[in-house]
């Protein structure tokens, strides 16, 4: 099950109908609370996509309050069943703020660039190589990733586990896969 | 007895020190007259800092307006007298200002006391900022959003740290003295608790013999320390973001608080990175100056972390 959340709609609903800029910490905290309420529905979706395409300006404070703290909650308190958040609709100027807060908190996220999932934020070379294989081949098991990268199974299991803990890959019945963004469509919750 | 504080003919970040030096020896409740009769020009820093100076006084000060009609008219159009009327007893001829009609005033002097004010400031400035930054100063369109972020973070410093309201103003002018180019300047001034006291209120603050206003500015501006960092590692990024934006566009950032002033200095300027032992002045006074770009200028440095954006 997937869910699409339009951040600008949340902003206007949770804070002020006249706002189009994501600025200030209190605004970011209110938007994050509203998003968390949507995530805590009775039947939570496995993948939720947070869509920034309607957001005009995003400052560092809001980037930290919304994105970094959402990711922190996901990585520090994994849920059962697994839940993942992906992002889309971020422009270059949004990325300036996002990269800074991700770097500061050593977090990374999966976002959609022209229909393709990409990583944003600090990851080790090893994590990046494993993630690339999972994106290209997923769903894929650890032994196949290890074989493709010429590594031991133990090493790849450790790295994939780290990627899973950071919510950058999903574990499914068919193997590891990259969480993919959902496009907005009428009727989906926003 | 009323002490007369002489306002320099050209009032900017540097010459405002003369105002502070005259104010410092006076008791807060001493009656003061700010004599601006001979003033001919003021930067947004100068005007917002004058308001902060009034805010710092226990006794309502007097203010003698510039005698030059053009100067007084310009100060009126920046919104200065409207706010000054609430803080000073005004003397002299005070022209009526028409709000927001000055082409080089991006944002007239605006009070900032709460979060909604930051939204209003950022919302009001965006279209005009795009026109002026891209159209007049030839900055890439990407600068407009960064400028808005910088303005937002600078204003939030007042809301989160000052303990009282402050003022922001944004203006373009020709900075011939050092640069020979047009610049856009953000000035954000308050007379609140300042950086040192703000950081001292953090539970993780450790006082040592070297701790003073200069070390507090170093901690906040250079090392991105915030009083909220205790328990929230994401704090302190606002000033870091301002610094990044300013550096990227070859601009200058300076922050004065208490008895010290720190500056991030571009190659075109010869300011001092740190000045200590200044005459004391409460609160924080921030100036961000971004110069016009000319053909042949080196490309702006990449945004922070761009290396990892799309691998």
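A count restricted to the stretch B:112-128 and to residues that are assigned to a helix (DSSP H, G or I) and touching a residue at least 24 places away in the same chain (Cβ under 8 Å) stands at 6. Quick one: count up the residues across the stretch B:15-44 that are touching a helix residue (DSSP H, G or I) at 6+ places or on another chain (Cβ under 7 Å) and part of a helix (DSSP H, G or I). Selection size over the stretch B:15-44: 3.
Counting only residues that are assigned to a strand (DSSP E or B) and crowded, with 18+ Cβ neighbours inside 10 Å, the stretch A:1-22 holds 5 of them.
All told, residue B:194 meets the bar of being in contact with a helix residue (DSSP H, G or I) (Cβ under 8 Å, 6 or more places away or on another chain), farther than 17 Å from residue B:252 by Cα, more than 14 Å from chain A (Cβ to nearest Cβ) and buried (at least 20 other Cβ atoms within 10 Å of the Cβ).
Among the residues making up the stretch A:108-122, those that are more than 10 Å from chain B (Cβ to nearest Cβ) and in contact (Cβ under 8 Å) with a residue 12 or more places away in the chain are A:109, A:110, A:112, A:117. Would you call residue A:57 at the interface with chain B (Cβ under 7 Å from one of its Cβ atoms) and within 18 Å of residue B:122 (Cβ to Cβ)? Yes: the conditions hold for residue A:57. Picking from residues in the stretch B:114-139 that are in contact with a helix residue (DSSP H, G or I) (Cβ under 7 Å, 6 or more places away or on another chain) and more than 11 Å from chain A (Cβ to nearest Cβ), the one that is nearest to residue A:22 (Cα to Cα) is B:130.
Being over 23 Å from residue A:15 (Cβ atoms) and within 14 Å of the chain's Cα centre (by Cα) holds for only one residue in A:112, A:127, and it is A:112. Checked against (1) surrounded by fewer than 16 Cβ atoms within 10 Å (Cβ to Cβ); (2) within 30 Å of residue B:300 (Cα to Cα); (3) touching a strand residue (DSSP E or B) at 6+ places or on another chain (Cβ under 8 Å), residue B:127 meets all criteria but (3). Put simply, of A:41, A:75, A:49 the only residue that is closer than 24 Å to residue A:164 by Cα, touching a strand residue (DSSP E or B) at 6+ places or on another chain (Cβ under 9 Å) and not in a loop (DSSP other than H, G, I, E, B) is A:49. For the stretch B:83-90, the count of residues that are part of a loop (DSSP other than H, G, I, E, B), outside the structural domain of residue B:279 (by TED's automatic domain parsing) and surrounded by fewer than 22 Cβ atoms within 10 Å (Cβ to Cβ) is zero. Return yes when residue A:14 is at the interface with another protein chain (Cβ under 10 Å from one of its Cβ atoms) and either in contact (Cβ under 8 Å) with a residue 12 or more places away in the chain or within 21 Å of residue B:151 (Cα to Cα) (or both) and no when it is not. Spelling it out, it is not the case that residue A:14 is at the interface with another protein chain (Cβ under 10 Å from one of its Cβ atoms) and either in contact (Cβ under 8 Å) with a residue 12 or more places away in the chain or within 21 Å of residue B:151 (Cα to Cα) (or both). Has the stretch A:23-34 got any residue that is more than 8 Å from chain B (Cβ to nearest Cβ), touching a strand residue (DSSP E or B) at 6+ places or on another chain (Cβ under 6 Å) and either part of a strand (DSSP E or B) or modelled with pLDDT of 90 or more (or both)? Looking for residues that are more than 8 Å from chain B (Cβ to nearest Cβ), touching a strand residue (DSSP E or B) at 6+ places or on another chain (Cβ under 6 Å) and either part of a strand (DSSP E or B) or modelled with pLDDT of 90 or more (or both), one finds none in the stretch A:23-34, hence no. In the stretch B:199-218 there is no residue that is closer than 21 Å to residue B:173 by Cβ and crowded, with 20+ Cβ neighbours inside 10 Å. Exactly one residue out of A:132, A:96, A:143, A:125 is facing another protein chain (nearest Cβ under 9 Å), out of contact with any strand residue (DSSP E or B) (no Cβ under 7 Å at 6 or more places or on another chain) and surrounded by fewer than 24 Cβ atoms within 10 Å (Cβ to Cβ), and it is A:132.
Applying the set (1) on the phi > 0 side of the Ramachandran plot; (2) assigned to a helix (DSSP H, G or I) to residue B:224 leaves exactly one unmet item: (2).
Note on the stretch B:148-157: residues that are more than 7 Å from every other protein chain (Cβ to nearest Cβ) and farther than 12 Å from residue A:96 by Cα total 4. Kindly check whether there is at least one residue in the stretch B:169-180 that is over 20 Å from residue B:298 (Cβ atoms), under 13 Å from the mean Cα position of the chain (by Cα), in contact (Cβ under 8 Å) with a residue 12 or more places away in the chain and within 14 Å of chain A (Cβ to nearest Cβ). Within the stretch B:169-180, none of the residues are over 20 Å from residue B:298 (Cβ atoms), under 13 Å from the mean Cα position of the chain (by Cα), in contact (Cβ under 8 Å) with a residue 12 or more places away in the chain and within 14 Å of chain A (Cβ to nearest Cβ).
The values are calculated or read from the model by the stated rules, or taken from the named source; none is laboratory data. Keep in mind that this is a model prediction, so the values were computed, not measured. Note that we place each Cβ from the backbone using ideal geometry, even for glycine, and neighbour counts take in every protein chain shown.
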